[in-house]
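Chemist: First, the structure itself, so that you have it in front of you.
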Amino acid sequence: MKVFKFVRIVILLMILASVATTVLLQRDITHDWTGTIDIQIIPIIADQADSTRRYVEQLSLDYFTEIERYFVREATRYQRNIKHGLHLQLAGPITAVPPVTPPPSSSALQIAGWSLKLRIWAWQNEPANYHDSQVRLYILYQTPIQGESINHSTGLRNGLIGLIRARADARERSLHNVVISHELLHILGASDKYDLETGQPLFPFGYAEPDKTDRHPQQYAEIMGRSIALTANKHKVARRLNQTLIGDTTAGEIGWID
Ligand SMILES: [Zn+2]
């Protein structure tokens, strides 16, 4: 019995060591911007509605290439040439849904447990050409009942996995690209810059132009601040990438500023 226990512990330690090495390797690759970050977009048909399936089946890479252009444009403002910095690919749709995201009020242990379950799920549902330094963005398309809200999206730096909740609705295509870019930035090391309770962008880091003479209304949203601050306590969610900027703090977090 004792031998089995010892073997089990050794195996567990080996798995943990391999996870830790992979995490460190992934951090290097996604932080120095000298190579190309390989990004797989994996659509999920997340409910039984025919409209969801039809929507997902007609998706093409064109829907997402705006994200690449946005990163190139924003990097230029920080004197970074990342013309080949991101490489987006669209995988075939899957129907497997990931483990349910715990509510924000969950304990650290519950979140850690979910994150482990998610990584096992992602390992079981990885795209055919998956490699360790690839970013996987799973987009869960749904057709919610009118008025029903959808769960929040997540981007995990450890494991380079994003879970994006989206409505199977062409009118929300540009909003989806804002959410995808936001979660991708989390994966690359950026933090949220809005009040988690009210949604109000935090001054100054969550403002696109914190130094503007008239502070309000702002014209753009800082992408990790999510919304355009209209007054000190009123905001409007940015629904198009061209309404957002990558601010200095975020640029520093993802390695664009030394
Ligand atoms: Zn966020």
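Chemist: Looking at segment 216-252 only, could you name the residues that are in contact with a Leu (Cβ under 9 Å, 6 or more places away or on another chain) and open to solvent by less than 50 Å² (accessible area, probe 1.4 Å)?
Modeler: Gln218, Ala221, Glu222, Ile223, Met224, Gly225, Ala238, Ile246, Thr250
Chemist: Please go through segment 156-166 and pick out each residue that is at pLDDT 90 or above, within 12 Å of the ligand (Cβ to nearest atom) and in contact with a helix residue (DSSP H, G or I) (Cβ under 7 Å, 6 or more places away or on another chain).
Modeler: Result: Gly162, Ile164.
Chemist: Among the residues of segment 167-185 satisfying the criterion of being over 18 Å from Tyr220 (Cα atoms) and either acidic (Asp, Glu) or open to solvent by 30 Å² or more (accessible area, probe 1.4 Å) (or both), which is nearest to the ligand (Cβ to nearest atom)?
Modeler: Filtering segment 167-185 for residues that are over 18 Å from Tyr220 (Cα atoms) and either acidic (Asp, Glu) or open to solvent by 30 Å² or more (accessible area, probe 1.4 Å) (or both), the one nearest to the ligand (Cβ to nearest atom) comes out as Glu183.
Chemist: Out of Glu126, Glu148, which single residue is loosely packed, with under 15 Cβ neighbours inside 10 Å and either at negative phi or away from the ligand (no atom under 13 Å from the Cβ) (or both)?
Modeler: Residue meeting the stated conditions: Glu148.
Chemist: If you don't mind, there's one more thing I want to ask. Mind telling me which of the residues Thr198, Thr213, Thr154 ends up being farther than 16 Å from Leu241 by Cβ and in contact with a Leu (Cβ under 6 Å, 6 or more places away or on another chain)?
Modeler: Thr154
Chemist: Of the residues in segment 196-214, how many are closer than 13 Å to His235 by Cβ and open to solvent by 50 Å² or more (accessible area, probe 1.4 Å)?
Modeler: Residues meeting the conditions: 4.
Chemist: Could you tell me which of the residues Glu209, Glu172, Glu126, Glu197 is within 17 Å of Thr250 (Cβ to Cβ) and out of contact with any strand residue (DSSP E or B) (no Cβ under 6 Å at 6 or more places or on another chain)?
Modeler: Criteria check complete, one pass: Glu209.
Chemist: Only one of (1) loosely packed, with under 14 Cβ neighbours inside 10 Å; (2) in contact with a strand residue (DSSP E or B) (Cβ under 7 Å, 6 or more places away or on another chain) fails for His131. Which number is that?
Modeler: (2)
The values are calculated or read from the model by the stated rules, or taken from the named source; none is laboratory data. Keep in mind that this is a model prediction, so the values were computed, not measured. With ideal geometry, Cβ positions are generated from the backbone for all residues, glycine too; neighbour counts draw on all protein chains shown. Accessible surface is based on the protein model in full, side chains and every heavy atom, while ligands, DNA and RNA are left aside. Shrake-Rupley method; radii C 1.70, N 1.55, O 1.52, S 1.80 Å.
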